[in-house]
Amino acid sequence: MEAGTISRLLQPMKFQSSNLSNFSSNSSMFCPQTRLMPACHVSHGGRETNPTEQELSLVLSSENKKSSVFGGLSLHRPVHKRDPVGKTFCSVAPYTYPGSIADSPSQTTEEKIGVLLLNLGGPDTLHDVQPFLFNLFADPDIIRLPRLFRFLQRPLAQLISVLRAPKSKEGYAAIGGGSPLRKITDEQASALKMALETKEVPANVYVAMRYWHPFTEEAVHQIKRDGITKLVVLPLYPQYSISTTGSSVRALQNMFKDDSYLSRLPVAIIESWYQRQGYIKSMADLIEKELHNFSNPEEVMIFFSAHGVPVSYVEDAGDPYRDQMEECISLIMNELKARGTDNDHTLAYQSRVGPVQWLKPYTDEVLVELGKKGVKSLLAVPVSFVSEHIETLEEIDMEYKELALESGIENWGRVPALNCTSSFITDLADAVIEALPSAMAMSTSTSTEEDDPMQYFIKMLFGSLLAFVFLFSPKMVSAFRKNIL
Ligand SMILES: C=CC1=C(C)c2cc3[nH]c(cc4nc(cc5[nH]c(cc1n2)c(C)c5CCC(=O)O)C(CCC(=O)O)=C4C)c(C)c3C=C
Ligand SMILES: [Fe+2]
């Protein structure tokens, strides 16, 4: 068995061309500063379901990808077969939800607005690292197996998480023994609540993490208990990716579809907001400030480093992440130029995991090249995430800094993450307020092929045979060790 086989296994299957286009024109929902997802139809982002006629017509009518809204959500596996999010809950007591929950959002009492912040989550302690990684790799939006091999998702997640845990633990140990994400996201939630109050839009703000506490289910139950009557979903990722916002929204939709309260709750989903003036200006402010810490600000290379995704997400599955990232960088650079800052800049992608090709150029390779070319001063700008986390505090501040200095770069700086920067939080509050009028109830989807027990059985049988041949080959095991560790 060739070592490349596992890479091919991990590649998403090729999608029908109609599935590559995720956008639909919907002028009533279009907001120039944020992209909203209509919550009520069944089109989707990069899924391998067969499009219905309705989906096809939505896809075919999308003429202007850039200025349209994102086309809805998909359901690709039945909730009754397994836990919709497929997580392990480690070292915590089972979560119970005291108090009674209404069947549907109240139509008589006053409006109660909720804002649901979506984020990735991170291990609170080193003990949490492996189960956190299991949750991450068990997500079919992170390891996109062909449908035939889906039943391998959890065993594969178990294997990869166990193999990767020692390396990840080293990283988390180096930043104090856990991820700062929960604390920072909670602070952002409080700051956003205050900013909304200042704008006379009182709202409850909830945090929903995808892979660690507080899990999305916990937040959603709290929303029901609080009797929220209108909800804005705000991912804390400026740019959309299938692997981040897409994954969280799909988990949400799985929870909403069978619940009488949630399926009637008016919801507005903000898909991406990297193009908002408030965000762009806040990023430019931070960059300008950091440039002034150099003795030669105009000679500094501005080095944007974004979290990568596998190339196949963009090229096969239609993930708009790379396009949005490039547009975002050019908006930030235009803003800086308008302020008289005209430095050289470059964009590279960091944090690749596993054997597949990720978006290029890779951050580590570009740093070495820049050193060779004689760049002496460099300002690193993390751009795909708005809180400090392991990849800013460990990967950029430690690994990349060391590599840059070894490569001949003499002056190194790093722009801090936005965290609770007030201009940024105020802009998020504006995004929420602008999205509110678009809130509408999510409708449920039709059943999928996986609901047919016969088809499911045949696939399991056929898939098990193939898996046996692939996974138990010694070469496969060694390919794994080489690429994951
Ligand atoms: C825009 C942000 C992110 C994208 C896109 C993304 C895709 C992606 N990530 C992995 C694998 C891992 N990510 C890990 C941590 C992590 N990822 C993001 C953001 C994005 N990921 C954040 C903010 C964090 C840090 C959380 C924290 O605790 O601080 C990890 C764990 C850390 C490690 O072992 O390196 C893994 C693994 C994949 C495979 C992927 C796209 C498919
Ligand atoms: Fe990641």
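The values are calculated or read from the model by the stated rules, or taken from the named source; none is laboratory data. Bear in mind that the values here come from a model prediction, so they are computed numbers and not experimental data. Reconstructed Cβ throughout: ideal geometry from the backbone, glycine too, with neighbour counts over all protein chains shown. What goes into the accessible areas is simple: the full protein's heavy atoms, side chains included, and nothing from ligands, DNA or RNA. Shrake-Rupley method; radii C 1.70, N 1.55, O 1.52, S 1.80 Å.
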The range 120-141 residues that are away from ligand 2 (no atom under 16 Å from the Cβ), paired with ones that are assigned to a helix (DSSP H, G or I) and charged (D, E, K, R) (beta carbon under 8 Å, 6 or more apart): D124/R182; L126/K169
L367 in the same structural domain as M283 (by the TED database) and away from ligand 1 (no atom under 14 Å from the Cβ): yes
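For (1) within 19 Å of R144 (Cβ to Cβ); (2) modelled with pLDDT of 95 or more; (3) within 14 Å of ligand 1 (Cβ to nearest atom), each residue gets a yes or a no:
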| residue | (1), (2), (3) |
| --- | --- |
| I302 | no, yes, no |
| E315 | yes, yes, yes |
| E327 | no, yes, no |
| S330 | no, yes, no |
| N334 | no, yes, no |
| Q350 | no, yes, yes |
| L359 | yes, yes, yes |
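So, in the range 224-240, of the ones that are outside any strand (DSSP E or B) and touching a helix residue (DSSP H, G or I) at 6+ places or on another chain (Cβ under 8 Å), which residue ends up surrounded by the fewest Cβ atoms within 10 Å (Cβ to Cβ)?
Filtering first and then ranking leaves K224.
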Residues satisfying the stated conditions in the range 338-391, i.e. among the polar types (S, T, N, Q) and on the phi > 0 side of the Ramachandran plot: S351
Conditions (1) assigned to a helix (DSSP H, G or I); (2) away from ligand 2 (no atom under 15 Å from the Cβ); (3) crowded, with 20+ Cβ neighbours inside 10 Å: number failed by I409: (1)
Test: residue in the range 347-356 that is more than 26 Å from L163 (Cβ to Cβ), of a type in the set (S, T, Y) and assigned by the TED database to the domain that holds V314: no
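Per-residue answers, yes or no, for (1) over 18 Å from V129 (Cβ atoms); (2) touching a residue at least 40 places away in the same chain (Cβ under 8 Å); (3) open to solvent by 10 Å² or more (accessible area, probe 1.4 Å); (4) within 16 Å of ligand 2 (Cβ to nearest atom):
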site	(1), (2), (3), (4)
Q153	yes, yes, yes, no
I160	no, yes, no, yes
P180	no, yes, yes, yes
A203	yes, yes, no, no
Y206	yes, yes, yes, no
The one condition in (1) part of a loop (DSSP other than H, G, I, E, B); (2) closer than 24 Å to I143 by Cβ; (3) more than 16 Å from ligand 2 (Cβ to nearest atom) that D323 fails to fulfil: (1)
Lone unmet requirement of (1) within 16 Å of ligand 2 (Cβ to nearest atom); (2) part of a helix (DSSP H, G or I) for I332: (1)
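Quick one: count up the residues across the range 193-223 that are at negative phi and either under 20 Å from the mean Cα position of the chain (by Cα) or in a loop (DSSP other than H, G, I, E, B) (or both).
At the first step, the residues of the range 193-223 found to be at negative phi are 193-199, 201-223.
Then keep just the ones that are either under 20 Å from the mean Cα position of the chain (by Cα) or in a loop (DSSP other than H, G, I, E, B) (or both); that gives 199, 201-202, 205-220.
Result for the range 193-223: 19.
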Qualifying positions in the range 371-381 - closer than 20 Å to E290 by Cα and either open to solvent by less than 20 Å² (accessible area, probe 1.4 Å) or part of a helix (DSSP H, G or I) (or both): S377, L378, L379, A380, V381
